[in-house]
Structure formats: C-alpha cells, structure tokens
Amino acid sequence: MSNTPDRKLSPAEIEAFGAELDALRARTVADLGEVDAKYIKNIVRTVRYTEVAGRGLLYAGFFPPAWIAGSALLGFSKIVENMELGHNVMHAQYDWMNDPELNGQTYEWDTSCTSDNWRKTHNYEHHTYTNVMGKDHDIGYGVLRLYPEQKWEPRFLANPLMALILMAGFQHLLALQSLELERVVGAKSKDARKQELARVKKDIKPIWKKMRKQLFKDYVFFPATAGPFFLPVLTGNIAANLMRNFWSSAVIYCGHFTEDAEVFPLESLENETRGQWYLRQMRGSSNFTGNKLMHIMSGNLSHQIEHHLFPDIPGRRYAEMSVEVRKICAKYGQHYNSAPMAKQFLGVWKRIFREALPSRPAKTQAAAATIGAVREEMPELMAA
C-alpha cells in the first residue's frame with residue numbers, strides 16, 4: 001500500500017476522473033503532428049551518429065581518452081535506442097506517421113529481447129495487468145521479492161545480490177522473462193515438469209537466435225574488425241552494454257518499485273471500468289524528476305505515471321501532460337507519486353533489503369476504486 005493514502009472515490013467520481021483523462025488524451029492526439037515527427041527522426045539520427053562515433057573512437061581505444069569517450073558514446077547510443085526509440089516506437093507511439101522504419105509492429109531493437117516477446121510481455125501483459133499479483137510478471141521478474149504481499153521464500157535472502165545481477169545482465173535476463181522459468185521450478189509432478197521443459201525448449205529458439213546475434217555483433221564482429229586493437233573494442237562494448245543495462249534497469253525500478261507504488265489482488269480486475277483502470281495504472285507507477293537529457297535517456301519513463309495512463313502517446317508529450325494529470329489527481333484527492341530519481345532509487349533499495357527478510361505475506365488491499373474486470377480487448381489505450 002502507498003504511504004500516502006488516496007481519497008476513496010464514489011462511482012460517479014471514478015467515472016468523472018476517467019473522463020477527464022480521456023479528454024486529455026484526445027486533446028493530445030489531436031495535436032500530434034510535424035513537431036513530434038521531427039523529434040523522433042532527430043532521435044533516430046542521434047542514435048546512429050553516436051553509435052558510429054562511439055565505435056570509431058573505440059578503434060583508437062589503445063589511447064585511454066578515446067576508449068572512455070568511445071565507450072560513453074556507444075553506451076549513450078544504446079540507451080537512447082532502447083529507451084526513447086525502441087520502447088516508445090514499439091508502443092505504436094509513432095504509427096500515425098505511416099513510416100515503415102517507425103512501425104510499432106515491425107521495429108526490432110538493439111537488445112537481446114526479441115521485439116515480438118516484448119510486445120507480448122510488456123505492451124500487453126504488463127500494461128494491461130499493471131501490478132496485479134499473479135498477472136503482472138514485471139513484479140520482481142520472478143527472481144525478486146519487492147512487496148510484502150509476495151510470499152517469502154528462503155531464496156529471497158539473496159534479494160540484494162539478485163537485484164545487482166539483474167541490473168548487470170538486464171538485456172539477457174529480460175529476454176528470458178517470457179519463458180516463465182518459475183513454472184518449471186514450480187511444476188508439481190515429473191510429467192508436468194517434462195511438459196514445461198518441452199515448452200521452454202521450443203520458446204527459447206527465437207530468443208537464443210537474437211541473443212547470439214547480439215553477442216556476435218558486440219563481442220566478436222566489431223572487436224575482430226579492429227585487428228590488433230581487439231581488446232579495447234571488446235572491453236568498450238562490454239562497458240557500453242553495462243552502462244545501458246544498469247541505466248535501463250534503474251529507470252524501470254524507479255518507475256515501478258518505489259516506496260509508494262502499490263500492488264493489487266487478482267479480484268481487482270473484476271468489472272473494472274476505464275476510470276478504475278486509470279486509477280490502478282496511476283497507483284502502481286512512479287515518476288522521477290530531472291533535466292531534459294535525463295528525460296530523453298529514460299525514454300521519458302521519468303513520467304512513468306503518464307506512460308501507464310497513455311502508453312501509445314509519444315513520450316515527449318508526457319512532461320506537458322503531467323501538469324494536467326497532477327491537477328486532476330489533486331482535484332480527486334489522489335497521490336501523485338513523484339520525487340527526484342535519487343530519492344526514488346533509494347526507496348527501491350529499501351524495498352529490496354526489507355523484503356529480503358522473512359515475513360508473512362501481507363494481504364493486498366483491494367480499494368473500491370480499483371475493483372473491476374479487465375476486458376479481453378482493452379480500449380485504444382493499449383498498443384498491442
């Protein structure tokens with residue numbers, strides 16, 4: 001539960017709350033145009049130019065300043081490609097442009113996780129069932145205990161270590177998320193385990209193909225083309241990928257696992273209305289403040305609340321939308337979870353250490369405002 005209680009809303013207030021957010025969304029969609037198109041094309045160019053510059057400098061990586069600059073530029077390129085370009089394009093934020101390069105259903109990003117698996121586990125499952133216990137696999141990613149409502153197991157004593165491992169290998173471990181390996185571990189019989197292993201063997205093929213491609217590109221192809229400077233290029237690629245992994249995971253942690261982020265019981269999905277869905281998205285999300293560069297490098301997920309409310313709206317619009325969202329929340333007595341990134345990240349690590357310790361699972365509090373049933377086909381909010 002949030003440390004800052006929200007005012008309980010009547011059904012009429014919930015409907016009005018949802019209507020105001022719908023109206024905000026409609027106004028923003030109607031205003032999309034040339035400025036947004038120019039922005040994302042500039043992002044595409046930025047990703048390309050910084051990658052070329054970074055890789056070029058790494059060829060001179062025997063000179064320490066060139067190695068540092070090359071690794072930093074390549075890391076920056078990978079971060080922006082994943083966060084502001086890949087993640088947002090795959091949410092169909094720019095499908096209205098009818099640009100094949102920016103099509104949400106065909107874009108393939110520079111990371112081990114296949115775009116098809118990401119659209120399923122993230123765009124559909126996570127954004128539909130945000131923070132619902134048993135439905136949203138992003139809660140702990142199957143390896144962490146982050147909420148007292150999760151049942152404690154001895155393995156969670158390694159929470160802090162596992163959180164660091166998850167951050168370091170984020171692109172590869174995230175790629176394995178769709179396999180739901182906990183189903184193999186939790187199989188109740190030998191036959192059930194055999195069936196789960198067969199499923200994993202089948203599903204891992206496209207994942208392993210993408211992983212091999214990424215590993216070959218960064219750790220074999222580019223270092224090999226450097227000839228005698230193989231090692232500086234190899235270590236530069238490793239450093240760039242670690243930068244991207246730690247930064248991306250920190251952004252995601254700060255958007256979902258802060259002190260005031262809530263989780264919800266499965267029954268909260270019964271008869272859920274649009275307004276109730278908006279409330280659940282807001283209460284399960286967290287924002288963090290920063291400068292313009294930080295917003296770009298976070299894919300504008302520094303405005304995670306707005307992203308969860310409007311996943312198919314271009315991320316660059318979230319900052320201006322957040323002003324009105326904050327006013328709407330204040331009007332209806334709802335906590336708007338926002339703080340500097342350092343404070344939010346510290347709150348996440350407090351959770352990680354606290355929930356590592358044995359405790360009885362707390363009961364999820366199904367507030368009246370969030371009880372409802374999710375529809376098989378969500379409204380146009382969802383970018384499938």
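Note down the magnitude of the dipole of region 126-240 about its Cα centre, charges +1 on Lys and Arg C-beta and -1 on Asp and Glu C-beta and zero elsewhere, to the nearest 20 debye.
580
Quick one: if the Förster radius is 35 Å, what FRET efficiency do Asn42 and Ile204 give, using the C-beta to C-beta distance and rounding to 0.05? Provide the component values of the computation, followed by the final result.
On the way: r = 37 Å, r/R0 = 1.06.
FRET efficiency, Asn42 to Ile204: 0.40.
Quick one, what does Rg over Rh come out to for region 59-174 if you take C-alpha atoms and the Kirkwood Rh?
1.07
Taking N as the number of residues in the chain, what is its alpha-carbon radius of gyration divided by 2.2 N^0.38 Å?
1.01
Let me know the charge dipole size of region 1-145 about its Cα centre in debye, to the nearest 20, where only the beta-carbon of Lys, Arg (+1) and Asp, Glu (-1) is charged.
440
Quick query: amide H of Phe264 versus all other amide H atoms, modeled in the peptide plane; which residues come in under 5 Å with a sequence gap of 5 or more or a different chain?
Residues meeting the amide H criterion: Val132, Met133.
Across every pair of different alpha-carbon atoms, what Kirkwood hydrodynamic radius in Å does region 109-243 reach?
It is 16.9 Å.
Can you tally the net charge around Val325? Count Lys and Arg as +1, Asp and Glu as -1, for every other residue whose Cβ sits under 14 Å from the Cβ of Val325. Before the final figure, lay out the partial values.
Details: positive: Arg25, Arg27, Arg283, Arg317, Arg326, Lys327, Lys331; negative: Glu20, Asp22, Glu306, Glu320, Glu324.
Charge balance in the 14 Å sphere: +2.
Which residue fluctuates the most in the chain, going by a Gaussian network model with Cα springs under 10 Å, if the choices are Ala240, Ala330, Ala261?
Looking only at Ala240, Ala330, Ala261, the biggest GNM fluctuation is shown by Ala330.
In degrees between 0 and 90, to the nearest 10, how far off the longest principal axis of the chain does helix 274-283 point, with axes built from Cα atoms?
Compared with the principal axis, the helix lies near 60 degrees.
Leaving out ligands, DNA and RNA but keeping every protein chain, what accessible area does Tyr49 have, in Å² rounded to the nearest 10, with a 1.4 Å probe?
150
Hey, any idea what % of region 247-375's accessible area is carbon plus sulfur with a 1.4 Å probe?
Working: 2850 of 4760 Å².
It is 60 percent, rounded to a whole number.
Would you mind telling me the share, in percent, of accessible area of region 100-206 contributed by carbon and sulfur at probe 1.4 angstrom?
Details: 3240 of 5220 Å².
Percent of accessible area from carbon and sulfur atoms in region 100-206: 62.
State the answer as a single residue: which of Ala163, Val184, Pro148 lies farthest towards the positive end of the charge dipole of region 144-189, with beta carbon charges of +1 for Lys and Arg and -1 for Asp and Glu, about the Cα centre.
Working it through, the farthest residue towards the positive pole turns out to be Val184.
Quick one: grab Rg to one decimal and Dmax as a whole number for region 1-122, Cα atoms only, in Å.
20.3, 67
Solvent-accessible area per residue for region 1-109 at a 1.4 Å probe radius, Å²?
48
Once phi is turned into ³J(HN,Hα) by the Karplus curve 6.51 cos²θ - 1.76 cosθ + 1.60 with θ = phi - 60°, what whole-Hz value does each residue of region 18-29 show in order, with x for glycine and proline?
Working through the residues one at a time gives x, 5, 5, 6, 4, 5, 4, 4, 4, 4, 5, 4 Hz.
Per DSSP helix of 4 or more residues, -39500 (n - 2.57); summed, then divided by the residues of the chain. What does that give at 222 nm, rounded to the nearest 500?
Roughly -16000 deg cm²/dmol at 222 nm, from the helical runs in the chain.
Could you tell me the accessible area of Met321 in Å² (1.4 Å probe, neighbours in place), rounded to the nearest ten?
0
What aspartates and glutamates sit close enough to Lys194 to cross-link, taking a C-alpha to C-alpha distance under 20 Å and skipping anything fewer than 8 places away on the same chain?
Filter leaves Glu180, Glu182, Asp203.
What figure, in Å² to the nearest 10, do you get for the accessible area of Ser189 with a 1.4 Å probe and non-protein molecules left out?
Here the residue's solvent-accessible area equals roughly 50 Å².
Amide H of Trp109: which non-local residues (sequence gap of 5 or more, or other chain) have their own amide H closer than 5 Å, using H built in the peptide plane?
Amide H neighbours of Trp109: Ser115.
How much accessible area per residue does region 299-358 have, counting only protein heavy atoms and a probe of 1.4 Å, in square angstrom? Write out the running numbers ahead of the final one.
Working: 2240 Å² over 60 residues.
It amounts to 37 Å² per residue over region 299-358.
For region 117-132, in order, what is each residue's ³J(HN,Hα) by Karplus, 6.51 cos²θ - 1.76 cosθ + 1.60 with θ = phi - 60°, in whole Hz (x at glycine and Pro)?
3J(HN,Hα) across region 117-132, in whole Hz: 5, 5, 4, 7, 6, 9, 4, 8, 5, 5, 6, 7, 10, 3, 6, 8.
Can you run phi through the Karplus equation (6.51, -1.76, 1.60; θ = phi - 60°) for region 106-115 and list ³J(HN,Hα) in whole Hz, with x for Gly and Pro?
Ordered by residue, 3J(HN,Hα) equals 10, 5, 10, 9, 8, 7, 5, 5, 5, 5 Hz.
Mind checking the full-extension length gain between Ser10 and Asn291? Use 0.36 nm per residue of separation minus the Cα-Cα distance, one decimal, nm.
97.4 nm
Quick check: Cα centre of region 248-313 to Cα centre of region 65-129, how many Å?
Taking the Cα centre of each part, region 248-313 and region 65-129 sit 18 Å apart.
Name the residue from Phe257, Ser112, Phe63 whose Cα lies farthest towards the positive end of the charge dipole of the chain, charges +1 on Cβ of Lys and Arg and -1 on Cβ of Asp and Glu.
Result: Phe63.
With springs only between Cα atoms under 10 Å, which of Phe229, Phe17, Phe170 fluctuates most in a Gaussian network model of the chain?
Phe229
Please list the non-local residues whose amide H lies under 5 Å from the amide H of Ser338, H modeled 1.01 Å from N, same-chain partners needing a gap of 5 or more.
It is Asn287, by chain and number.
Have a look at Val323, Gln281, Asn245 and report the one farthest towards the positive end of the charge dipole of region 228-346, computed about the Cα centre with Cβ charges (Lys/Arg +1, Asp/Glu -1).
Val323
For the chain, what is the charge dipole size about the Cα centre, in debye to the nearest 20, if Lys and Arg each add +1 at the Cβ and Asp and Glu each add -1 at the Cβ?
The dipole of the chain has a size of about 1280 debye.
Please find, in a Gaussian network model of the chain (springs between Cα atoms separated by less than 10 Å), the residue of Gly284, Gly186, Gly54 whose mean-square fluctuation is greatest.
Evaluated over the chain, the most mobile residue of the options is Gly186.
The values are calculated or read from the model by the stated rules, or taken from the named source; none is laboratory data. None of these values were measured; they are calculated from a predicted model. In this analysis, Cβ positions are derived from the backbone assuming ideal geometry, glycine residues included, and neighbour counts consider all displayed protein chains. When the accessible area is computed, the model is the full protein with side chains, heavy atoms only, and any ligands, DNA or RNA have been set aside. Shrake-Rupley method; radii C 1.70, N 1.55, O 1.52, S 1.80 Å.
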